[in-house]
């Protein structure tokens, strides 16, 4: 799954453009381990350089005997090819990705069955992201303990954290789990580019919560983020200074879901559409208290009833604005 569509994320692109063989080797090892004979890299079409370099690297791997009918003389076969997506955010969801690979419209599938049981073309399928496969060569070479020595608690290993938005020193830094969000933004990011005070930070892509200053000392690991109602996701960190209208950001989150929803389930398809309308009514001052309660109920319905994380997580940024920046969601200032 190289359909890297989250805002502020570019770790997959850097892996594929700077060391595509890391991904190819990881996928080949995984393929041989599960006795798979065919692998696909589902790449977003907005990455033309990665597309070119991956195809060149795959061609060289075939020529060297690392792919094909007799991988490194083992008598085992593993083929690999790149397939381009069509810029649909929902196809980053694993079952929508499988539908797209099969030449269908990308729709979320109900689970169970899981892709590991019934996946691509009805066959058992392993679906992982670029970073997971890229970690395999190191683990195979140095051992699992060497990888687990990084991190903390149940979050072991490293995570390439990507700093974007209003940040002075944007880019990628690979760190073990356990650094605080504040340390990351100040020590590595250098604060905001504008020099104005930081107001909020969104971690985990467009479906991640907007975290206020009271949460910036949260340690970057899955359990700590879950404890404060946030998600770590793909490690994208987008920073916003004090000039940003958080009410507009909440509306954008709902509108993003409205545009990108596959439309299969009602809570996501209709919920996001009504969510935009309700936020607009709140911001215009129309029956604000009633619509505020309605928005809370709508968010809970989307979380509980959506078929996948698209609809299930869209309320996170909205709820975080309602909780930490309520005055900015009220009537327009």
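Hey, fewest Cβ within 10 Å first, where do 239, 152 land in order?
Least to most surrounded, the residues fall as 152, 239.
Given Cα pairs under 8 Å that are at least 6 residues apart, what percent is the relative contact order of the range 246-329?
Numbers: 103 pairs, mean separation 32.8, N = 84.
Averaging sequence separation for qualifying contacts and normalising by length gives 39 percent for the range 246-329.
Would you kindly calculate the translational diffusion coefficient of the range 246-329, applying Stokes-Einstein with the Kirkwood radius from alpha carbon pairs, for 25 °C and a viscosity of 0.890 mPa s, and quote it in µm² s⁻¹ without decimals?
After rounding, the answer is 201 µm²/s.
Bin width 10 Å, origin at 0, all Cα-Cα pairs of the range 151-241: what percent of pairs per bin?
19, 57, 23, 1
How high is the FRET efficiency from residue 140 to residue 304, r the C-beta distance, R0 45 Å, rounded to 0.05?
It comes to 0.65.
With the cut-off at 1.5 for a/c, could you classify the range 1-142 from its C-alpha gyration tensor as rounded, prolate or oblate?
oblate
Which whole-number percent is the relative contact order of the range 25-157 (Cα, under 8 Å, 6+ apart)?
Contact order relative to length: 21 percent.
For the chain, what is the percent of antiparallel DSSP beta bridges, rounded to the nearest 5?
60
Taking every pair of alpha-carbon atoms in the range 126-194, give the share separated by more than 16 Å as a whole percent.
56
So how long is each side of the range 84-158 along the principal axes, counting just the alpha-carbon atoms, biggest first, in Å?
42, 27, 23
Expressed as an acute angle from 0 to 90° and rounded to the nearest 10, what is the orientation of the C-alpha long axis of helix 246-260 relative to the principal long axis of the chain?
With rounding to tens, the tilt is 50 degrees.
I'd like the orientation of helix 20-33 relative to the chain: the angle between its Cα long axis and the longest Cα principal axis, in ° from 0 to 90, rounded to 10.
The angle comes out at about 70 degrees.
So for each of 144-150, 321-327, 232-238 I average, over its residues, the number of other beta carbons within 10 Å; can you give me the resulting order with the highest mean first?
Taking the mean over residues of other Cβ atoms within 10 Å, the ranking is 232-238, 321-327, 144-150.
Tell me, 96, 155, 74 in order of fewest to most beta-carbon neighbours within 10 Å? Spell out each step's value before the answer.
Details: 96 25, 155 19, 74 10.
In order of increasing Cβ crowding within 10 Å: 74, 155, 96.
Could you tell me how many degrees, from 0 to 90 and to the nearest 10, lie between the Cα long axis of helix 266-284 and the main elongation axis, the longest principal axis, of the Cα atoms of the chain?
On a 0 to 90 degree scale, this one is about 30.
Considering the chain, what Rg and Dmax in Å follow from its alpha-carbon atoms?
Gyration radius and largest Cα-Cα distance of the chain: 21.2, 72 Å.
Taken together, the values in this text are just the output of simple stated rules run on the coordinates, not laboratory data. Predicted model, so just to flag it, every value in this text is computed and none were measured. Don't worry about glycine lacking a Cβ; one is built from the backbone with ideal geometry, like all the others, and counts go over all protein chains shown.
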